[in-house]
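Below is one structure, written out as structure tokens; comments come after it.
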Amino acid sequence: MRRIAIINQKGGVGKTTTAANLGSALARLGRRVVLLDLDPQANLSLHLGTNLASGEPSTYDLLLGRETLADCLRDTTTAGLQLLPAHIDLSGAELELASAFGREILLREALDTWESASQEAHGEAPADYVILDCPPSLSLLSVNGLAAAHEVIVTLQTEFFALQGISKLVEVIQLIRRRINPALTVAGILPTLYDTRLRLAREVLAEIRRYFPGQVFSRPIRTNVKLAEAPSHGVSIFEYAPNSSGARDYLVPSRVHPGSFYALPQSPQQLKQLLMVAGFEKYFQIARCFRDEDLRADRQPEFTQIDIETSFLNRDSFFGLMEGLMAAIWKETLGIDLSPPFERVPYSEAIERYGTDRPDRRFGMELATISDIAEASGFKVFKGAIEKGGVARAIAGCSGSPISRSRLCRAPGAPSPAAHNAGPNRCKPLV
Ligand SMILES: Nc1ncnc2c1ncn2[C@@H]1O[C@H](COP(=O)(O)OP(=O)(O)O)[C@@H](O)[C@H]1O
Ligand SMILES: [Mg+2]
């Protein structure tokens, strides 16, 4: 179970937005995720549509030892994503816990207890990720977050004061490491609210990369109004605006990072090896995937694609899969029955008949042999070739009209080329 604290003592730098959407992205990639709201302002809870009444189980009760972690958890609208919500009561926790013994590690103990109970009962961790949304301060609550976490992500707004105060944060992380949590690592620095149009933003980003060499996420989170609007609808960006740049940006850190940050939900290679050892003779994995590549001119900006991983196939199992898939898609989307198996044309035959291995069979574009015509014609180039034992071949086209077809079709009241081809004056093949 990876425990990640999202931290920066400044407010408004995208911590809560990152916790909500990174958590949601990971849940969508098949992980079991718990988001834990450590901020008395409860922005994360509100973002995910939870507005607690006083007295309902929250982070506050967890820290005071009044409730177990499992009792505080709530489901969200995203499968696999649970929330441990906060309430404004939490602002009193600092004072109430001021003299408590071991006050810095209360959260860690609660998480440890929850994890080991699950290990004992079910033989596995209760979640794959716990993401802690820290308050905008370096108070006892943040210290609890840092003590309970294994990793931190520092969000930095790409504006002029981005690095101001950062040395204090680094100092606190080092102190926590020395005193209470030696294994704490920095998973990455995540630049946020990046305005691609501003030179200042680019300069600050370069400055951040210089300050934290090798630790900055490969791509910043761009400023995107959809990210700011999603909380008022109580859902993550993936439900609110799945095609937005905000959704795309939060999928990227959930999947890739220099080195080995968040991996894909499963490793096809490993799975394949296991299946191979287990003696399976075929393997298909058909998954709906999120696209997170850069947009390119030649690419449609669609958000999902179907990925097919296969192994140990022979030709027929491949055809069977693709034909079944195509038939299902046509039926589902267009209501058209395609009945597999489809007609198959061997490569050599396709080349022979159509001059291409991708013939469009809707049109009569079959090649015809015209050696006799060519030989009788005055074209030396054909004649020569045929005399040397070659053949002349051509695609049947229209002829027989003194006026060119394009001119015919341009005349007022003329039928469209398609109607022309279907009518009684249909072009006759040359041969
Ligand atoms: N990439 C972004 N683009 C546009 N607005 C954003 C972005 N990230 C955060 N915001 C907005 O900025 C404000 C502060 O973000 P928030 O995540 O709450 O910061 P923090 O938790 O660090 O205080 C919120 O209103 C949020 O909706
Ligand atoms: Mg916040």
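The values are calculated or read from the model by the stated rules, or taken from the named source; none is laboratory data. Quick caveat: nothing in here was measured; it's all calculated off a predicted structure. As a convention, Cβ positions derive from the backbone with ideal geometry for all residues, glycine included, and neighbour counts pool all protein chains shown.
Key figures for this structure:
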{"item": "Boolean, S45 is within 16 Å of ligand 2 (Cβ to nearest atom), crowded, with 18+ Cβ neighbours inside 10 Å, in contact (Cβ under 8 Å) with a residue 12 or more places away in the chain and farther than 22 Å from L138 by Cβ", "result": "no"}
{"item": "Qualifying residues in the range 306-343 (those that are more than 12 Å from K282 (Cα to Cα) and touching a strand residue (DSSP E or B) at 6+ places or on another chain (Cβ under 8 Å)) - the one modelled with the highest pLDDT", "result": "L325"}
{"item": "The range 140-167: number of residues that are within 16 Å of R179 (Cα to Cα) and without any contact (Cβ under 8 Å) to a residue 60 or more places away in the chain", "result": "3"}
{"item": "Residues satisfying the stated conditions in the range 43-85, i.e. in a loop (DSSP other than H, G, I, E, B), closer than 24 Å to A100 by Cα and aliphatic (A, V, I, L, M)", "result": "L64"}
{"item": "Residue within the range 158-165 that is under 25 Å from F101 (Cα atoms), away from ligand 1 (no atom under 16 Å from the Cβ) and in a loop (DSSP other than H, G, I, E, B) present", "result": "no"}
{"item": "Test set (1) at pLDDT 95 or above; (2) within 34 Å of the chain's Cα centre (by Cα) - L106 fails condition number", "result": "(2)"}
{"item": "T17 of a type in the set (V, I, T) and within 19 Å of the chain's Cα centre (by Cα)", "result": "yes"}
{"item": "Test: residue in the range 11-29 that is in a loop (DSSP other than H, G, I, E, B), more than 13 Å from ligand 2 (Cβ to nearest atom) and surrounded by fewer than 24 Cβ atoms within 10 Å (Cβ to Cβ)", "result": "yes"}
{"item": "In the range 30-42, residue farthest from ligand 2 (Cβ to nearest atom) [restricted to those that are under 28 Å from E96 (Cα atoms) and either of a type in the set (F, W, Y) or part of a strand (DSSP E or B) (or both)]", "result": "V34"}
{"item": "Test: residue in the range 196-207 that is of a type outside the set (A, V, I, L, M, F, W, C), within 13 Å of ligand 1 (Cβ to nearest atom) and crowded, with 16+ Cβ neighbours inside 10 Å", "result": "no"}
{"item": "Single residue of the range 224-252 satisfying the filter (surrounded by fewer than 16 Cβ atoms within 10 Å (Cβ to Cβ) and within 11 Å of ligand 1 (Cβ to nearest atom)) that is nearest to G14 (Cα to Cα)", "result": "A228"}
{"item": "Matching entry among L111, L95 (being modelled with pLDDT of 95 or more and either within 16 Å of ligand 2 (Cβ to nearest atom) or farther than 30 Å from E207 by Cβ (or both))", "result": "L111"}
{"item": "Test set (1) surrounded by fewer than 24 Cβ atoms within 10 Å (Cβ to Cβ); (2) modelled with pLDDT under 95; (3) closer than 27 Å to A241 by Cβ - L64 fails condition number", "result": "(3)"}
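Let's see how each residue does on (1) within 16 Å of ligand 2 (Cβ to nearest atom); (2) touching a residue at least 24 places away in the same chain (Cβ under 8 Å); (3) not in a loop (DSSP other than H, G, I, E, B):
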residue	(1), (2), (3)
L190	yes, yes, yes
R197	no, no, no
R202	no, no, yes
L205	no, yes, yes
G214	no, yes, no
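The rows are residues; the columns are (1) in a strand (DSSP E or B); (2) free of Cβ contacts under 8 Å to residues at least 24 places away in the same chain; (3) surrounded by 15 or more Cβ atoms within 10 Å (Cβ to Cβ); (4) out of contact with any strand residue (DSSP E or B) (no Cβ under 6 Å at 6 or more places or on another chain).
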position: L95; (1), (2), (3), (4): no, yes, no, yes
position: S99; (1), (2), (3), (4): no, yes, no, yes
position: E104; (1), (2), (3), (4): no, no, yes, yes
position: L107; (1), (2), (3), (4): no, no, yes, yes
position: A110; (1), (2), (3), (4): no, no, yes, yes
position: W114; (1), (2), (3), (4): no, no, yes, yes
position: E120; (1), (2), (3), (4): no, yes, no, yes
position: A127; (1), (2), (3), (4): no, no, yes, no
position: V130; (1), (2), (3), (4): yes, no, yes, no
